[in-house]
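Down below is the structure, laid out as structure tokens.
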Amino acid sequence: MARSALTMTAAAFAATAALLLTACGGDGDDTSSDDIKGAETGTNSASPSASASGAADADRPDVSLPADLKLVFDFERPTDADAAAALEDAANYIRALDHGIAQQDPNDPAYQFYSTGGAEKYAKSQIEAWVKDGWTVTGDDRYFDASIDPVGEGKSLLVTFCRNQAKFYSKKVKTGKVNYTEENLDSYQRFSLLMSPSEASAAVWQARQIEVQGRVKECKG
């Protein structure tokens, strides 16, 4: 994800969520308890998110990443099934975005599977920016301090978490040269994703809107 992330104001984000709930009528893969906490994605690893249906799992797209890119989701797994599914697929949306960058494909099916609406447009724009400039991604990217809150009276949930991208770098596709940067306040961001069940499968949760806040002191700790 590009450092110049698209952002929305909190008020605009809340208004969009309200409109989404109105339009939807108010509703909007391993399963062990250790899968989310400290989960990592490497070059050959599949999505750690799984639904109760094996058939639904088989239809999930590949979100594997290059060996030199590691995503860490240091999340506590919620006890509520919907909250756990929303959090898992919020992580899969992030994986899918990076998968699209690694594949250098702005039309990669992975992010389209895990997102719709504004979140889908955001992912596409981010991948396009990286591809246009000839960059891909490498290093370690850490996400932590997740919270899940209901939105309205439907099934939509707001998933929020911090990011530490201090060891997440851009790399030139043609030369392999890595653009190393020093850790600073720009390394810390907060993501907010409006998640709801996919219209195609209730076992899959999609990101519908996204807000990315930069230079978040609270995430630095």
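Data overview
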{"quantity": "GLN112 modelled with pLDDT of 95 or more, open to solvent by 40 Å² or more (accessible area, probe 1.4 Å) and within 19 Å of ALA203 (Cβ to Cβ)", "calculated": "yes"}
{"quantity": "Residues of the range 60-108 satisfying the condition of being within 19 Å of ASN164 (Cα to Cα), outside any helix (DSSP H, G or I) and open to solvent by 10 Å² or more (accessible area, probe 1.4 Å)", "calculated": "ASP68, LYS70, VAL72, ASP74, GLU76"}
{"quantity": "Boolean, SER64 is at pLDDT below 95 and out of contact with any Lys or Arg (no Cβ under 8 Å at 6 or more places or on another chain)", "calculated": "no"}
{"quantity": "Criterion: in contact with a Pro (Cβ under 6 Å, 6 or more places away or on another chain), charged (D, E, K, R) and either within 16 Å of LEU65 (Cα to Cα) or modelled with pLDDT of 95 or more (or both) - qualifying residue of LYS124, LYS132, LYS177, LYS171", "calculated": "LYS124"}
{"quantity": "Near pairs, Cβ below 8 angstrom, 6+ apart or cross-chain, from the range 66-86 (under 16 Å from LEU158 (Cα atoms)) to any residue that is among the small types (Gly, Ala, Ser) and part of a helix (DSSP H, G or I)", "calculated": "PHE75/ALA91; ARG77/ALA84; PRO78/ALA84"}
{"quantity": "Condition met for SER192 (under 23 Å from THR136 (Cβ atoms) and at pLDDT 95 or above)", "calculated": "no"}
{"quantity": "Those strands (runs of 3 or more DSSP E) lying entirely in the range 115-221 with at least 1 residues open to solvent by less than 20 Å² (accessible area, probe 1.4 Å) and charged (D, E, K, R)", "calculated": "135-150, 157-164, 205-214"}
{"quantity": "Out of ALA102, ALA90, ALA81, sole residue that is farther than 23 Å from THR138 by Cα and modelled with pLDDT of 95 or more", "calculated": "ALA81"}
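The values are calculated or read from the model by the stated rules, or taken from the named source; none is laboratory data. Note that this is a predicted model, so its numbers are computed, not measured. Backbone-built Cβ (ideal geometry, glycine too); neighbour counts: all protein chains shown. Keep in mind that these areas ignore ligands, DNA and RNA; they rest on the heavy atoms of the full protein, side chains included. Shrake-Rupley method; radii C 1.70, N 1.55, O 1.52, S 1.80 Å.
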